[in-house]
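My questions will all concern the structure given below.
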Ligand SMILES: Cc1cc2nc3c(=O)[nH]c(=O)nc-3n(C[C@H](O)[C@H](O)[C@H](O)COP(=O)(O)O)c2cc1C
């Protein structure tokens, strides 16, 4: 036992006895002295916490400071460029755009233009005016019966359960006001998604919430019913998500309320971990047949899947399966490893999944190489919060972007980093009605719309500054990157474009050779890493 603890305890006891002896009124001091000494004794003898055991009483100060560390950093200590995952400069521009107040900043940039990795847009000496009031793209390949005219910025998947009902309603309400789409996330389609009547992307994942039978398998009837709902404009199957690719999604028990449990057909208050992989397909070719099934069941709505690239040859295997079967999705959503989540295992959050930029380029170039890009739209998500991010992703090859955390900030998220604890102070990621109360969907839907509107305006202004009248004119030459202290390259030098159709011949560029050899449309896991040889005749284009 620590000497200081023994000495202070003795002093307290003797003082208490002495004061009580002088005046009986001081007996109340034992109300504090006894619990304090009991706490010190408990600290000294308990085993789980080393610091408390070594430093009775004092050790608790460390626990208090550690618990309030993030808040203290965020509120008092961090400078404008330090916060993670989003710093104050990034958050502030979203808050300003959501509030629809002046978005001008004084004095000069706070970013370091000379830091390796820094990127900027190459403008023109003769700027023009972007001529499209409401930039949109058409999603739907040759087999799609109900193409969707989509905004280039939409609300990324966030399930009801990971976010509150008020947040769900506000996002959909914002989408309705601003004419864009919100993605249901993998927790099923609920009344809150339908409340304001905004366009929806119906998403499901490996647990098939929203379209599963009693055994957790894909339920065709339920899927048909849900996907054919008039508000559902597109369907997105989540194969993997940047924050936890290859891992099952996690719904912490605390957030699994009876309402959520009923929607998802699970037991309330249990932590629900979805399976890591799908049961509806096991090979790239089976994936394509499942795409066809979804298309038929949804009555021809645009069908896509969300994918975080891991082994690059798997993406090529999927492309080969498209060629082999003649079936292809209408869109693919590329999610970067830097993407957000309500809850994910630490290692997957930090060290699994290709970042959005490289993944997008790979997907775009592979689809171009197989001459499939003309039929398939690419959506991308990964820290999209500003006009520049959208311009950069469009220049790299995306057709449209998704934002999850940007939209959360528009709802009033303060980056408290408590999404998995049901204690979110802004009411965005909590099922606690008292905290949810703070987020009023009627007000917040307007903020979501404002954020979308002002961000699209920033895209148009930047594209105009580049001497273009349409985002369609963007390409990799428009973005410069400081690749090292004294070297700058444009993104077409960093990521050279492939020839259209080059992967349909035997003479594709060397950089594709290994992945092409590995990519097997009938197997995600090639059996022999060194000797997988594909018959090139299998790759002859069946799609024109
Ligand atoms: C609270 C929260 C819940 C999410 N839920 C889902 C989900 O249900 N399905 C999914 O595919 N992605 C989900 N995501 C990931 C986002 O849709 C998105 O892919 C990722 O956060 C990258 O976008 P961002 O950087 O704009 O946040 C979630 C993200 C957050 C922050």
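The values are calculated or read from the model by the stated rules, or taken from the named source; none is laboratory data. From a predicted model like this one, the values you see are computed outputs, not experimental measurements. Positions of Cβ are backbone-derived with ideal geometry, glycine not excepted, and every protein chain shown enters the neighbour counts.
Of (1) over 26 Å from residue 164 (Cβ atoms); (2) within 16 Å of the ligand (Cβ to nearest atom), residue 288 satisfies all except one. Which?
(2)
Looking at (1) within 14 Å of the ligand (Cβ to nearest atom); (2) in a loop (DSSP other than H, G, I, E, B); (3) surrounded by fewer than 22 Cβ atoms within 10 Å (Cβ to Cβ), can you tell me which one residue 327 breaks?
Status for residue 327: all satisfied but (1).
Mind checking which residues of the range 73-94 are under 26 Å from the mean Cα position of the chain (by Cα) and assigned to a helix (DSSP H, G or I)?
Matches in the range 73-94: 73, 74, 75, 88, 89, 90, 91, 92, 93, 94.
Every residue, every condition in (1) in contact with a helix residue (DSSP H, G or I) (Cβ under 6 Å, 6 or more places away or on another chain); (2) in a helix (DSSP H, G or I); (3) closer than 30 Å to residue 91 by Cα, yes or no:
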{"residue": "14", "(1), (2), (3)": "no, yes, no"}
{"residue": "20", "(1), (2), (3)": "yes, yes, no"}
{"residue": "32", "(1), (2), (3)": "no, yes, no"}
{"residue": "41", "(1), (2), (3)": "no, yes, no"}
{"residue": "53", "(1), (2), (3)": "no, yes, no"}
{"residue": "65", "(1), (2), (3)": "no, yes, yes"}
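Another question, if that's okay. Considering only the range 433-455, how many residues are within 15 Å of the ligand (Cβ to nearest atom) and surrounded by fewer than 22 Cβ atoms within 10 Å (Cβ to Cβ)?
2
Restricting to the range 336-371, count the residues that are within 14 Å of the ligand (Cβ to nearest atom) and surrounded by 22 or more Cβ atoms within 10 Å (Cβ to Cβ).
Going through the range 336-371 one residue at a time, the tally reaches 11.
Could you tell me which residue of the range 114-132 is surrounded by the most Cβ atoms within 10 Å (Cβ to Cβ), considering only residues that are closer than 18 Å to residue 386 by Cα and over 27 Å from the mean Cα position of the chain (by Cα)?
Step by step, filter the range 114-132, then rank; the result is 130.
Being crowded, with 18+ Cβ neighbours inside 10 Å, assigned to a loop (DSSP other than H, G, I, E, B), without any contact (Cβ under 8 Å) to a residue 40 or more places away in the chain and within 12 Å of the ligand (Cβ to nearest atom) is the requirement here; does residue 419 meet it?
no
OK, next. Of everything in the range 372-390 that's in contact (Cβ under 8 Å) with a residue 60 or more places away in the chain, outside any loop (DSSP other than H, G, I, E, B) and within 16 Å of the ligand (Cβ to nearest atom), which residue is surrounded by the most Cβ atoms within 10 Å (Cβ to Cβ)?
Restricting to residues being in contact (Cβ under 8 Å) with a residue 60 or more places away in the chain, outside any loop (DSSP other than H, G, I, E, B) and within 16 Å of the ligand (Cβ to nearest atom), the top hit is 381.
Out of curiosity, is residue 258 modelled with pLDDT of 85 or more, closer than 26 Å to residue 340 by Cβ and loosely packed, with under 15 Cβ neighbours inside 10 Å?
no
Still on this structure: Could you check the range 58-95 and list, in sequence order, the residues that are touching a residue at least 40 places away in the same chain (Cβ under 8 Å) and closer than 30 Å to residue 453 by Cα?
74, 83, 85, 86, 90, 91, 93, 94, 95
Applying the selection to the range 394-414, what residues are under 14 Å from residue 85 (Cβ atoms), outside any helix (DSSP H, G or I) and either more than 11 Å from the ligand (Cβ to nearest atom) or in contact with a helix residue (DSSP H, G or I) (Cβ under 6 Å, 6 or more places away or on another chain) (or both)?
Passing the criteria: only 414.
Find the helices (runs of 4 or more DSSP H) located wholly in the range 438-531 whose residues include 1 or more that are at pLDDT below 95, and list them. Reasoning before the result, please.
Values: elements: 441-465, 491-494, 510-518.
Because the criterion is at least 1 residues that are at pLDDT below 95, the helices (runs of 4 or more DSSP H) in the range 438-531 that meet it are 510-518.
Give just the number: which of (1) within 13 Å of the ligand (Cβ to nearest atom); (2) without any contact (Cβ under 8 Å) to a residue 12 or more places away in the chain does residue 236 not satisfy?
Evaluating residue 236 over (1) within 13 Å of the ligand (Cβ to nearest atom); (2) without any contact (Cβ under 8 Å) to a residue 12 or more places away in the chain leaves (2) as the failure.
Also: Given the condition touching a residue at least 40 places away in the same chain (Cβ under 8 Å), assigned to a helix (DSSP H, G or I) and either over 30 Å from residue 388 (Cβ atoms) or touching a strand residue (DSSP E or B) at 6+ places or on another chain (Cβ under 9 Å) (or both), answer yes or no: does some residue in the range 303-313 qualify?
The answer is yes, given that some residue of the range 303-313 is touching a residue at least 40 places away in the same chain (Cβ under 8 Å), assigned to a helix (DSSP H, G or I) and either over 30 Å from residue 388 (Cβ atoms) or touching a strand residue (DSSP E or B) at 6+ places or on another chain (Cβ under 9 Å) (or both).
Checking residue 359 against (1) over 17 Å from the mean Cα position of the chain (by Cα); (2) not in a loop (DSSP other than H, G, I, E, B), which single condition isn't satisfied?
Residue 359 satisfies every listed condition except (1).
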